[in-house]
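What follows is one structure encoded as structure tokens, with my remarks underneath.
The values are calculated or read from the model by the stated rules, or taken from the named source; none is laboratory data. Small disclaimer: the values here were computed from a predicted structure and weren't measured. Here Cβ is always computed from backbone atoms with ideal geometry, including for glycine, and neighbour counts include all displayed protein chains. To get the accessible areas, we keep the full protein, side chains included, count just its heavy atoms, and leave off ligands, DNA and RNA. Shrake-Rupley method; radii C 1.70, N 1.55, O 1.52, S 1.80 Å.
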Amino acid sequence: MQSIKRPLRLAFAVTERVFDRAFGPAWNPLHNLGALGFFYYWIVAVSGIYLYIGFDTGVERVYASIERLTHAQWYLGGVMRSLHRYASDALVAMALLHLLREFSFDRMRGVRWFSWLTGVPILWLVYASGVSGYWLVWDELAQYIALTTSEWLDALPFFGEPIARNFLAPNSLDDRFFTLLIFMHIAIPLILLFILWVHLQRLSKPRINPPRGLAIGTLAMMLALSLVHPAVSQPPADLAKVPGDVGLDWFYLAAYPLFDHLSYAWVWGLAGVLTVGLAALPWLPPLRRPRAAVVDLEHCNGCGRCVQDCPYAAVAMVPRSDGQPFAQQAVVDAALCVGCGICMAACPPSMPFRRIAELATGIDVPDASLNDLRERTHAAAERLSVSPRVLVFGCDCSVDMAALANESVAGVSLPCIGALPPSFVDYVLSRGLADGVFLTGGSEGACVNRLGIQWTELRMDGERDPRLRDRVPRERMARRWAARHEATSLAGEIAAFRAQLATLPAIRPPAPAQPADIRETVA
Amino acid sequence: MTGVFRYAGQALAYLGFALLLGYFASAPAYTYRPADRAEVKLSFSHGGERKGGCRPLTPAEIAKLPPNMRRSQACPRERVPLVIEMDVGGQLAHREVLPPSGLSGDGPSRAYRRFQLPPGEHRLALRLRDSERRDGFDYESSFTVALRPRQNLVIDFRAEAGGFVIR
């Protein structure tokens, strides 16, 4: 599986970097695939409501009603129809890219199986919505889709009268057919919306709206496309004739030519295998999950920062159970926790200055604990021998720290850069463990743990608790969010940072650790 | 990247996406059926006779039935499968045994088959057996049809109309 994921991941990382340069990380469309999908859904919904007003469900009148909207009212009805089509196509493109990206970055395994699994019926519903829409136009393409789809459905053993018999001859259809079809074309997207809501249930602060600039840009693009190349119907359906050449919408109908080359039973089998295979991907193979975060009530004051910062809604506040004078305490749902450590960094007692033998905090991750982080920070600092010395804090999903290491650069890798309490930067510089601190992690806007980079930025900039203290010399800090393949350019930036540090006054070298040097800090 | 280049980059990305959407929304065309072919569809829904035939109920048996369910005959539920044959130009083109539908085999048998033929005149002969007889057929019809390119000719079966009909 990794042999498929690795090149995909590299392709995404490189493309995202190109898009970062044009759009900036916040507006990068590849960082907003899900949100763009939602945006296109709403365009489809609004334009669909307008088209429904002018739509006539009579068999003889349905085609003419759409033609009237398209041509006689090109400036509004025509534009709405084109928006309806192009936004639907863009929705498919976003959904497929979103799926590929989450797959390539392994963001569907472990506790993230839920979002992946609920995404599978979403795909089916998106396709069903689009196909039923094309059916409504009742042109030659609609006739082709009607024949093929109904024959495919008839291959299932549980339909009584073959559905395809509705399309045998010109007098087979009655007006009720299009009434039923439009009902389906409205009902399926509504069910889709409901499942989209379910899809996001295990995420905190899901991004469902793209940044305004990106939304305006993509809407302007669609409007321009609608005016320059409006969506039009093909010749009207005629059941006395067999459709010949049909202009397929390949976003929705790419699989339809298969029907002419494989039996319907085979296509059902293929669809079933693909669906089950897709649904099973989070467990192929099962992920060795890090242990879930653990709450230590002795150090938890019930502040709730861990709840606010957890990207997976895995932490909740409940009434206090240990008699301490706080109203609430944190509890972790182990089934939802990925062990990223973002909660640990958010916890006020997560301070390396504290003078206790085994550093403890209110919420900690057993596989990458606060105490372990302090010990690894000291160990990395001891490897630095040539000034200016730079200590790099990175994440397991980004550039390998070992690739950056030399006598003046040492790295400490965390499960997520969001697991770094800002006080560690203060600690490293105030203790003289290094002359500068460099933070890195996955590409900006593409944090594997969703919010790690965002929270780190805000904490270091003093805009979100826990904030980096004012006394920390900012000129001795740098950060660069880099994808895994960007080790060379990252090393170049660290070298430039060292050159900058060389112009600053020397920092005192680390003194041998003395218990008296470590003072208790009140959070 | 300077502002101008950033906007140019964005414009390029939007243009690329627009071209992708604009083109693949309706192209390239797919040929479902070639222009030099016509299609004959043989499709019908018809129930065969009951297997074993019906037996008259005795007055005692009728009396045992609830008043609202009394009937004069007891009929087995299961129907016989249909046997259908179609000749094109004197040659057997299709033969099929159509089992009755339903879990108890008591529903109608259904057929939906497509045949592609070249345009022109064709002699079609159809035969259907819907009884327990072992040989021969209960319905036979033949038609001479002149098919136009891409014509869709439908052959249905309606027992009440005397057999096969062209729609």
Quick one: A:Arg107 ticks every box in (1) open to solvent by 20 Å² or more (accessible area, probe 1.4 Å); (2) modelled with pLDDT of 95 or more; (3) under 13 Å from the mean Cα position of the chain (by Cα) bar one, so which box is it?
(2)
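Give the residues of segment A:70-94 that are free of Cβ contacts under 8 Å to residues at least 60 places away in the same chain and open to solvent by 20 Å² or more (accessible area, probe 1.4 Å), sorted by residue number.
Let us first name the residues in segment A:70-94 that are free of Cβ contacts under 8 Å to residues at least 60 places away in the same chain, namely A:71-73, A:75-77, A:80, A:91.
Residues satisfying the conditions are A:His71, A:Ala72, A:Gln73, A:Tyr75, A:Leu76, A:Met80, A:Leu91.
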Being at pLDDT 95 or above, open to solvent by less than 50 Å² (accessible area, probe 1.4 Å), away from every other protein chain (no Cβ under 14 Å) and not in a loop (DSSP other than H, G, I, E, B) narrows A:Ala215, A:Ala271 down to just A:Ala271
Going residue by residue through segment B:81-92, is there one that turns out to be away from chain A (no Cβ under 14 Å), without any contact (Cβ under 8 Å) to a residue 24 or more places away in the chain and small (Gly, Ala, Ser)?
no
Residue check for A:Phe158: over 37 Å from the mean Cα position of the chain (by Cα) and either at pLDDT 90 or above or not assigned by TED's automatic domain parsing to the domain that holds A:Leu248 (or both)
no
Is at least one residue of segment B:56-70 over 30 Å from B:Glu160 (Cβ atoms), in contact with a strand residue (DSSP E or B) (Cβ under 9 Å, 6 or more places away or on another chain) and in contact (Cβ under 8 Å) with a residue 12 or more places away in the chain?
yes
For A:Trp116, only one of the following conditions fails: (1) open to solvent by less than 20 Å² (accessible area, probe 1.4 Å); (2) more than 14 Å from chain B (Cβ to nearest Cβ). What is its number?
(1)
Since B:Tyr30 meets every condition but one in (1) modelled with pLDDT under 95; (2) in contact with a helix residue (DSSP H, G or I) (Cβ under 9 Å, 6 or more places away or on another chain), which condition does it not meet?
(1)
Being away from chain B (no Cβ under 14 Å), open to solvent by 20 Å² or more (accessible area, probe 1.4 Å) and within 26 Å of A:Val198 (Cα to Cα) is the filter here, so list the residues in segment A:1-40 that pass it.
A:Gly34, A:Phe38
Could you list all residues from segment B:93-128 that are free of Cβ contacts under 8 Å to residues at least 60 places away in the same chain and either under 18 Å from the mean Cα position of the chain (by Cα) or not assigned by TED's automatic domain parsing to the domain that holds B:Gly162 (or both)?
B:Ala93, B:His94, B:Arg95, B:Glu96, B:Val97, B:Leu98, B:Pro99, B:Pro100, B:Ser101, B:Gly102, B:Ala125, B:Arg127
Criterion (among the small types (Gly, Ala, Ser), open to solvent by 30 Å² or more (accessible area, probe 1.4 Å), modelled with pLDDT of 95 or more and not assigned by TED's automatic domain parsing to the domain that holds A:Glu102) met by exactly one of A:Ala316, A:Ala334:
A:Ala316
Cβ-Cβ under 8 Å, sequence separation 6+ or interchain: first residue in segment A:303-329 and over 13 Å from A:Leu451 (Cβ atoms), partner buried (at least 20 other Cβ atoms within 10 Å of the Cβ) and aromatic (Phe, Trp, Tyr). Which pairs?
none
Scan segment A:384-406 for residues that are open to solvent by 70 Å² or more (accessible area, probe 1.4 Å) and either in contact with an Asp or Glu (Cβ under 8 Å, 6 or more places away or on another chain) or outside the structural domain of A:Thr503 (by TED's automatic domain parsing) (or both) and report the count.
2
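Restricting to strands (runs of 3 or more DSSP E) lying wholly in segment B:127-167: which have 3 or more residues that are open to solvent by 50 Å² or more (accessible area, probe 1.4 Å) and more than 24 Å from B:Glu78 (Cα to Cα)?
Qualifying strands (runs of 3 or more DSSP E): B:139-147.
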In segment B:80-92, what residues are more than 16 Å from the chain's Cα centre (by Cα) and open to solvent by less than 50 Å² (accessible area, probe 1.4 Å)?
B:Val80, B:Asp87, B:Val88
Those residues that are more than 11 Å from every other protein chain (Cβ to nearest Cβ) and either touching a residue at least 60 places away in the same chain (Cβ under 8 Å) or within 21 Å of A:Asp245 (Cβ to Cβ) (or both), I need them from segment A:140-170; list them, please.
A:Ala142, A:Ala146, A:Thr149, A:Trp152, A:Leu156
Segment A:441-480, residues that are open to solvent by less than 30 Å² (accessible area, probe 1.4 Å), closer than 25 Å to A:Leu30 by Cα and part of a strand (DSSP E or B):
A:Gly441
Residue count, segment A:240-268, condition within 7 Å of chain B (Cβ to nearest Cβ), within 26 Å of B:Pro149 (Cβ to Cβ) and open to solvent by 30 Å² or more (accessible area, probe 1.4 Å), comes to 3
Just give me the residues in segment B:8-46 being more than 27 Å from A:Pro235 (Cβ to Cβ) and within 7 Å of another protein chain (Cβ to nearest Cβ), in sequence order.
B:Gly9, B:Gln10, B:Ala13, B:Tyr14, B:Phe17, B:Ser45
